Structure formats: C-alpha cells, structure tokens
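Engineer: Quick one: the structure is below, questions incoming.
The values are calculated or read from the model by the stated rules, or taken from the named source; none is laboratory data. The structure presented is a predicted model; accordingly, all values stated were derived computationally and were not measured. Here Cβ is always computed from backbone atoms with ideal geometry, including for glycine, and neighbour counts include all displayed protein chains. To get the accessible areas, we keep the full protein, side chains included, count just its heavy atoms, and leave off ligands, DNA and RNA. Shrake-Rupley method; radii C 1.70, N 1.55, O 1.52, S 1.80 Å.
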Amino acid sequence: MKKAARRWSLLALALVLLAAGLTGYVLWSGGDSGSKPYQDATRPVAERVADLLGRMTQADKLGQMTQAERASASASDITDFRLGSILSGGGSTPEPNTAQAWADMNDELQRGALATPLGIPILYGSDAVHGHNNVRGATVFPHNIGLGATRDPKLVQDIGRAVAEEVTGTGVDWTFAPCLCVARDDRWGRTYESFGETPDIPAAMTAIITGFQGDKLGGGPTSILATAKHYVGDGGTTGGDDQGNAELTEAQLREIHLPPFKAAVDRGVGSVMVSFSSWNGQKLHGQKYLVTDVLKGELGFTGFVVSDWNAVDQLDGQEGFTADEVATAINAGIDMVMVPEKWQEFLTTLKGEVDNGHVPMARIDDAVRRILTKKFELGLFEHPMTNRAYTDSVGSAEHRALARQAVRASQVLLKNDKGVLPLARGGKVFVAGKNADDLGNQSGGWTITWQGGSGPTTVGTTILDGIREVAGPDTTVTYARDGKGVDRSYRAAIAVVGEKPYAEYEGDRPDGLRLDDEDRQTIANLRAAGIPVIVVLVSGRPLEIASEVPGWNALLAAWLPGTEGAGVADILFGVGAPTGKTPMTWPGAKAHEPINPGDGQPALFPQGFGLGY
Ligand code: GLC
C-alpha cells in the first residue's frame, strides 16, 4: 500500500475508533448530554418510562415506592436509598418557616435525588388543603366545608390555581388534596375537610383538581400533582369515628362515597390516597378489590396510589409494620408507601417480600411505572428545581383578594329576624366572642401546625379587624371577648363564637356538638343588654344550637374562613349579599346525629338552606 494511502487509512481508522469511543462514553456515562431515551423530552412518556424502568436496579425500584418525612431523611439518604418522595407532615417545616426557606430545602433535597446514577427527581408532598397552609404567610382559604357552601366549582378551581402557584414557589410538587370525603356524621373530626354530606357537592368540587394540575398534568409552570383522598368511605364510619369502620353495603358505598373519586379520576387526578378507615371490618389499605379492581380497573385510574401516614402498620392492629402487612398492602395495589420515620426498615422488609416471591416483581414494576409516569408528565425531569418566579406569590395581595371573595361566597345566613342584617355603618356596634379576634381559631386545623392553634399563628385579617375596616371611621366598634360592658347605647352586638382548631381524630365529638360554656355565657351577657344579637359561628361543622337559636336575632355560619376574615364583615355590613347554602344538614338535637337528607329526621336547617338580603 502507498505511504500516502496508508496514512489516510490510519487517519480514517483513528476517526472511526474515536467516534465509537465517544458514542460508548456518552451512552455509558448516564448521558450527561441527556442522550438516554428517558432523558429525551421529545419522546412519548410511555417510551421514557419503559427505557428508565429497564435501567433500574431492584433498589432503584423499591426506593421509588418509598416516601419518607423530611425530618427523618436527608439529601444523602435520598441519594443512598434512591428515595422516590419526601413529605412534610402537618406542621413539619424548615426553620425559618418562610417560602424562601421551603424552596431552599426542596432544592437541597432534589440535588440528592439528581446525584443518583439515574437522576430520578423526587416528588415533594405537603398538605396544601386550604392554601399552602404549612407555610407561614401563605394565603389560607376557607376549609372545604365553606367552599362547599359556595356551590361554585369555577371559584374553587381558581382557588386551586392560586394555591398551585404558592406551592410551586416553594419547590413543592404535590399536594395531598382535595379531600373528597362525604361526611355523614358531623361528630367526625374531619367534617370540615368535606365539601358536603352528599356526593354531588364533592364530585362538583373536583374542579379544584384542574386548578391544581391544569387541564393536564404538567400543562403549565404551576401544575402540581393533586391527590384524591381518602379512598374510600372515610366519611361514612359509624358514629363519625375517625379511622373507624364504615358499616355499609357495597351499594351504599358505591352510591354515597365512590362518585367523587370517579369524578376525580375522570378529571385526571394523578394520585389517590387510601383511607385509614375500614369497610365492614377490613382496613382499606388491605382492600385489593376496592383499590385494584374498582379504582384501577373499573374506574380506570392510571395514576399512583399512596398510603396514608404509617397506615400499613395498622393492618394487623399491632404496633409496628410486619412483612405480611407490607406484602398485603402492596399486593392490594398501593404503589407508594408513606412511611415517615421507619423507611429503612420498610425498604428492607419490602426487599425481603420481593426476594421470597410474596410480592411479584410485576407488581413492583406496575407501581414504579405509575410513579415514573406522573413524574415525567409533571415535567420533573426537565424542571426538578424550584421555579422561584412564583415564590413571591405566597400570600400575595391577588391571592388574598380571591380568598376574601371565597369567604364572602361561603357565608350562610341561617336567620335574620326583622332584617337586622345587613348592619348600617355609623353609630356603635359591640363585638364579643373568643373567635372574633383570633386568626388561628378562624383558620382551623391544618394551619401552620397539624392541629392548628389559637392566636396570631400566621399573617391575615381577623374578623374583628375586618369589621373595623368595613364598618369604617364613622362606626364605633367596641370589643370585649366576654361581652361585658355592652349596653343599650349600642345598635347591635355581634358574638363571634364556635370551635377552636383541631384536626383528624382530635376533633371527634362523640358526646355531641354543643357550644362551650364560654360562648353561651358571652351570648347571655350580650342578650342581657336587650339589643339585637347577631351570632357568627366559626366552626368546622353544624353545631347543636336548636335550643338557643330562638334567642338570637340573626345567625351567620362562617365555617372556617382562613386568613381573610374581612370577607365575613363584608356580609355583615352588606358589601356583599349572602349567597351560601349549607352543604350539611343542621341537627335538630343531639339525638339526631347523624342527620342527612332523606333520612326522615327533623332538621334545624336542611342541606341547601341559606337566606339572602
Ligand atoms: C394524615 C392524614 C392525611 C395527610 C397525611 C400526611 O394522617 O390522614 O390526610 O395527607 O397524614 O400529612
């Protein structure tokens, strides 16, 4: 071969080898250049999922199915154990509890996920159930029972969008909302998380899912993953016992409690959380028929199912989860397990149940495929870090204005003798009651902390502040919590009373729903002055007031309005007219709980009742 020709052939060979080497490097190296199929956003999601699944080890897969609590897992734990998700339990916040600190926390944790060989981002979940309520300074909207009173799905969808903006700005990708429970017994501590006691209202309010996710998951920069919870029948337990037993025929379960979940699935909800409660004695977390056959089969749910907080541990009624409980829950159709603290033990247990064949690898692959599909659809692989363009939306004036509109729309006027409402401006008005000047009480549970709490727990306007603002400078507003000092010089007295914050089983009231002694005394002090008394009930549910209402001149159900208390004052002074309709039947007396439409019991106020001006 001539020298020159030989040189060219050597050069050609070198180029070929170099090209092959480069290709090999790129393919092998995890595709820093994003060249692996699963990293290519132009490919169909199903293709990306299949490619990624094929690259995952067993440890990768089991890690994806594991959700730990932020206080029990670090960024390096996420890297080492391939964790798929982290959550904030109620009130679990960075310090300081600011939007910026949340964003910084989430980005640090996400970097732990991106440091894994396959770089699968985590989902960070939090209970944004009436605003981004764990975050101090966030807009806190009315709880679901008040939103149910609005009967306005479009408003509720707008609220979902606003909440999604605040959630996005803190780096959170997933809200454990909406609760689609149908609360049938007002003594249940989660009644206020229900949009209504009949399935039509929660089903209509699944519009909030579109607010959270957008028309399709990942469709916009503030799309967050929503959760239909708690599947199914949590609001139908005997006696309103939280995490109790729903003793219902399948026909009753399907007629009353299933429709809101069908509506949620039809709206494309990305996740479903299983209920702590039982159906006819069997824990939902072990109910393969309902979780797999009905939800995933019959309803066609293609998202993923997440357990509730350590709920797998409850299956055998003993403390501490067991291999059998883990296998039962996963085989029932649970795809991701919320195991806040003992997630390492869970991973070891699940591995054992896969290795011994009790949990088929096909079930694992199905769970992981569902989880990855939502992560790809959400755009997490393309945008894993906080979108800081929305951080300033937390508690914004625009969102607070929307919340105030929602508060107005949620007010239900139940009594208005001689048109005492709306109040005119001018003259003297007396305000009393433990819930008049208490932001924490008017916000209720799931606010800054799990149980919520009294006092200035966050940023907002109390109902008293609102009264002062709306009544204007020509009106003298006097406040005394106990009502003492009122006299006939006042045109009217407003008693803002009701419940203090609670959440979940802490709010169960098996012994009845009467006003507390302080409230009854406050109202008595006001009535003694012989002037019109307007009662504003700040509560998470109907209360047993039938024997007292005759002595009141007006009654306004404010529910749990959240941070924008001026919305209540707007109705009291006629800035807006009351349009709310009670989503729950009000009991005539304690013996009447539970009371629901069509059960033939005499109601104080039937579902759908509400006066106007
Ligand atoms: C709670 C609640 C559930 C919530 C979860 C995470 O126990 O039952 O509604 O989403 O834990 O905080």
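Engineer: Is at least one residue of segment 357-374 within 16 Å of the ligand (Cβ to nearest atom) and open to solvent by 30 Å² or more (accessible area, probe 1.4 Å)? Reasoning before the result, please.
Structural biologist: Within segment 357-374, the subset within 16 Å of the ligand (Cβ to nearest atom) is none.
Within segment 357-374, not a single residue is within 16 Å of the ligand (Cβ to nearest atom) and open to solvent by 30 Å² or more (accessible area, probe 1.4 Å).
Engineer: So, one more: Test Ala128 against the stated conditions and say whether it is without any contact (Cβ under 8 Å) to a residue 24 or more places away in the chain and either buried (at least 16 other Cβ atoms within 10 Å of the Cβ) or within 16 Å of the ligand (Cβ to nearest atom) (or both).
Structural biologist: The answer is no for Ala128.
Engineer: Turning to a different aspect of this structure: Any idea which of (1) within 16 Å of the ligand (Cβ to nearest atom); (2) within 20 Å of the chain's Cα centre (by Cα); (3) open to solvent by 20 Å² or more (accessible area, probe 1.4 Å) is the one Ala226 doesn't satisfy?
Structural biologist: Result: Ala226 fails condition (3) only.
Engineer: Hey, another quick one. Do we find a residue being closer than 29 Å to Arg136 by Cα, part of a strand (DSSP E or B) and open to solvent by 40 Å² or more (accessible area, probe 1.4 Å) anywhere in segment 445-456? Lay out the reasoning, then the answer.
Structural biologist: Keep residues of segment 445-456 that are closer than 29 Å to Arg136 by Cα, which gives 445-456.
Now narrow it down to the ones that are part of a strand (DSSP E or B): 447, 449.
Subsequent filtering for residues that are open to solvent by 40 Å² or more (accessible area, probe 1.4 Å) retains 449.
Taking every residue of segment 445-456 in turn, at least one turns out to be closer than 29 Å to Arg136 by Cα, part of a strand (DSSP E or B) and open to solvent by 40 Å² or more (accessible area, probe 1.4 Å).
Engineer: Do you know which of the residues in segment 87-124 that are among the small types (Gly, Ala, Ser), away from the ligand (no atom under 16 Å from the Cβ) and in contact (Cβ under 8 Å) with a residue 24 or more places away in the chain is most open to solvent (accessible area, probe 1.4 Å)? Even if it seems obvious, please write down each step before you answer.
Structural biologist: If we filter segment 87-124 for residues that are among the small types (Gly, Ala, Ser), which is where we start, we get 88-92, 99, 101, 103, 112-113, 115, 119.
Filter once more, keeping what is away from the ligand (no atom under 16 Å from the Cβ): 99, 101, 103, 112-113, 115, 119.
Checking which are in contact (Cβ under 8 Å) with a residue 24 or more places away in the chain leaves us with 99, 103, 112-113, 115, 119.
On the way: Ala99: 9, Ala103: 0, Gly112: 5, Ala113: 1, Ala115: 66, Gly119: 17 Å².
Among those residues, the one meeting the criterion is Ala115.
Engineer: Is it true that Gly146 is more than 16 Å from the ligand (Cβ to nearest atom) and closer than 21 Å to Arg400 by Cβ? First the steps, then the outcome.
Structural biologist: Numbers: more than 16 Å from the ligand (Cβ to nearest atom): yes; closer than 21 Å to Arg400 by Cβ: yes.
For Gly146, the condition - more than 16 Å from the ligand (Cβ to nearest atom) and closer than 21 Å to Arg400 by Cβ - is met.
Engineer: Right, another one. Quickly run through segment 60-84 and pick out the residues that are part of a helix (DSSP H, G or I) and either on the phi > 0 side of the Ramachandran plot or aliphatic (A, V, I, L, M) (or both).
Structural biologist: Applying the first criterion (part of a helix (DSSP H, G or I)) to segment 60-84 yields 60-64, 70-72, 75-81.
The answer is Leu62, Ala71, Ala75, Ile78.
Engineer: Of the residues in segment 244-262, how many are assigned to a loop (DSSP other than H, G, I, E, B), more than 23 Å from Asp508 (Cβ to Cβ) and either open to solvent by 40 Å² or more (accessible area, probe 1.4 Å) or within 16 Å of the ligand (Cβ to nearest atom) (or both)?
Structural biologist: First, pick out the residues of segment 244-262 that are assigned to a loop (DSSP other than H, G, I, E, B): 244, 247-249, 258.
With more than 23 Å from Asp508 (Cβ to Cβ) added as a condition, the list becomes 249, 258.
If we keep only those that are either open to solvent by 40 Å² or more (accessible area, probe 1.4 Å) or within 16 Å of the ligand (Cβ to nearest atom) (or both) as well, we get 249.
Adding up the residues that qualify gives 1.
Engineer: Among the residues of segment 229-243 satisfying the criterion of being more than 13 Å from the ligand (Cβ to nearest atom) and open to solvent by less than 30 Å² (accessible area, probe 1.4 Å), which is farthest from Arg267 (Cα to Cα)? Explain how you work it out, then say what you get.
Structural biologist: As a first pass, look at segment 229-243 and keep what is more than 13 Å from the ligand (Cβ to nearest atom): 232-233, 236-241.
Next, only the ones that are open to solvent by less than 30 Å² (accessible area, probe 1.4 Å) stay: 232-233, 236-237, 240.
Values: Val232: 17, Gly233: 20, Gly236: 24, Thr237: 27, Gly240: 29 Å.
Residue satisfying both the conditions and the ranking: Gly240.
Engineer: Here is a further query. I need the full set of residues from segment 488-522 which are within 24 Å of Asp437 (Cβ to Cβ) and at pLDDT below 95, in order please.
Structural biologist: Listed by number, the list is empty, since nothing qualifies.
Engineer: Which residue pairs have Cβ atoms closer than 9 Å, lie 6 or more positions apart in sequence or on different chains, and pair a first residue in segment 476-494 that is in the same structural domain as Leu526 (by TED's automatic domain parsing) with a second residue that is of a type in the set (Asp, Glu)?
Structural biologist: Final answer for the pair search is Tyr479/Asp437; Arg481/Asp437; Arg481/Glu518; Asp482/Glu518.
Engineer: Next question. Pick out the one residue from Ala264, Ala246, Ala228 that is of a type in the set (Gly, Ala, Ser), free of Cβ contacts under 8 Å to residues at least 40 places away in the same chain and touching a strand residue (DSSP E or B) at 6+ places or on another chain (Cβ under 6 Å).
Structural biologist: Working: Ala264 fails: free of Cβ contacts under 8 Å to residues at least 40 places away in the same chain; Ala228 fails: free of Cβ contacts under 8 Å to residues at least 40 places away in the same chain.
Criteria check complete, one pass: Ala246.
Engineer: When you check Asp60 against the structure, is it in contact with a Gly (Cβ under 7 Å, 6 or more places away or on another chain) and surrounded by fewer than 24 Cβ atoms within 10 Å (Cβ to Cβ), yes or no?
Structural biologist: Details: in contact with a Gly (Cβ under 7 Å, 6 or more places away or on another chain): no; surrounded by fewer than 24 Cβ atoms within 10 Å (Cβ to Cβ): yes.
Spelling it out, it is not the case that Asp60 is in contact with a Gly (Cβ under 7 Å, 6 or more places away or on another chain) and surrounded by fewer than 24 Cβ atoms within 10 Å (Cβ to Cβ).
Engineer: Right, another one. Taking segment 174-206, which residues are more than 15 Å from the ligand (Cβ to nearest atom) and within 30 Å of Thr386 (Cβ to Cβ)?
Structural biologist: Result: Met205, Thr206.
Engineer: Do we find a residue being part of a loop (DSSP other than H, G, I, E, B), surrounded by fewer than 21 Cβ atoms within 10 Å (Cβ to Cβ), modelled with pLDDT of 95 or more and among the small types (Gly, Ala, Ser) anywhere in segment 302-320?
Structural biologist: Checking segment 302-320: not a single residue is part of a loop (DSSP other than H, G, I, E, B), surrounded by fewer than 21 Cβ atoms within 10 Å (Cβ to Cβ), modelled with pLDDT of 95 or more and among the small types (Gly, Ala, Ser).
Engineer: Of all residues in segment 30-75, which are β-branched (Val, Ile, Thr) and within 24 Å of Ile330 (Cβ to Cβ)? So that I can check it myself, show each step before the final result.
Structural biologist: Going residue by residue through segment 30-75, those that are β-branched (Val, Ile, Thr) are 42, 45, 49, 57, 66.
Of everything in segment 30-75, those that are β-branched (Val, Ile, Thr) and within 24 Å of Ile330 (Cβ to Cβ) turn out to be Val45, Val49, Thr57, Thr66.
Engineer: Do we have Val294 as surrounded by 23 or more Cβ atoms within 10 Å (Cβ to Cβ) and either of a type in the set (Val, Ile, Thr) or more than 22 Å from the chain's Cα centre (by Cα) (or both) here? I'd like the intermediate steps shown before the answer.
Structural biologist: Numbers: surrounded by 23 or more Cβ atoms within 10 Å (Cβ to Cβ): no; either of a type in the set (Val, Ile, Thr) or more than 22 Å from the chain's Cα centre (by Cα) (or both): yes.
Considered against the rule, which asks whether it is surrounded by 23 or more Cβ atoms within 10 Å (Cβ to Cβ) and either of a type in the set (Val, Ile, Thr) or more than 22 Å from the chain's Cα centre (by Cα) (or both), Val294 comes out as no.
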